[in-house]
Each structure stands twice: as C-alpha cells, then as structure tokens.
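For reference, the structure discussed in these notes is given below.
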Amino acid sequence: MKHVDCVNYINLDCEKGMCALSKQIVPIDGEGSEACPMFKAAPKCGNCACFQGADDHGIGTCTGFEKENWSYANCGAFCCEHYKAVQE
C-alpha cells in the first residue's frame, strides 16, 4: 500500500500530498510513497467487499447496488451507502 491509499493522506497536487498525522510531505508515486505504520485504508471502491473482478487498469464491477455497474478501484467511496471495508 501507499500513502495515497491512506485515510490520513491529504492531496496537495498531482505529484504529492501530506500526511495529516505527521505533517510530512509525501510523493504519490515512486521513492518514499510507501505507507507508514500508521496506515489505515481509505474508503475507495478497490477496498470494498462489493468491488469485484478488477482488470489490469483497476476497472471492476460494483455489486453493492441492485444494478451492477463498472467502477474504478481508486474511486473514492467515502459517501457510498453500500461501502463495506475489506481491510483496515
């Protein structure tokens, strides 16, 4: 996992963000982007029990609603009424 996948990550721009706990600037990708010991998975479709069958591009199917539909794994699910975390 990476910092960008953490609930404590605050996005600053397209290259970096900040950890809300340590106030440290962290890159989205590459060196230094690995999650720290304080990691807690952010509510994203890819972290939901209803998200299945992701392809190489992270596109899968949401099975949480009456009508199944495609979704991106990195799509934010913080306000989804059917979100069920599979990892903490």
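Points to keep in mind about this one:
- Amide H contacts under 5 Å for residue 17, placed H, 5+ residues apart: 12, 26, 28
- Most to least accessible of 72, 83 (protein chains only, probe 1.4 Å): 72, 83
- Between the alpha-carbon centres of segment 64-88 and segment 28-52 there is a gap of 14 Å.
- Cβ-placed point charges (K, R +1; D, E -1), dipole of the chain about Cα centre in debye, nearest 20: 320 debye
- Accessible area of residue 86 in the full protein assembly, 1.4 Å probe (Å², nearest 10): 90 Å²
- Candidate values [x] 37, 11, 8; [y] 26, 13, 11; [z] 41, 16, 7, label of the one derived for semi-axes √(5λ) of the Cα gyration tensor in Å: [y]
- Our summary gives the chain a relative contact order of 24 percent, counting only alpha carbon pairs under 8 angstrom and 6 or more residues apart.
- With all protein chains in place and ligands, DNA and RNA left out, the 1.4 Å accessible area ranks 44, 84, 2 as 84, 2, 44, largest first.
- Only lysine pairs 8 or more places apart, or on different chains, with alpha-carbon atoms under 17 angstrom apart are counted in the chain, and they number 7.
- Between 56, 13, 29, the Gaussian network model of the chain with springs among Cα atoms under 10 angstrom shows the greatest mean-square fluctuation at 56.
The values are calculated or read from the model by the stated rules, or taken from the named source; none is laboratory data. This structure is a prediction, so every number in the text was calculated from the model and none was measured. Counting neighbours? That spans all protein chains shown, and the Cβs are built from the backbone with ideal geometry, glycine included. Keep in mind that these areas ignore ligands, DNA and RNA; they rest on the heavy atoms of the full protein, side chains included. Shrake-Rupley method; radii C 1.70, N 1.55, O 1.52, S 1.80 Å.
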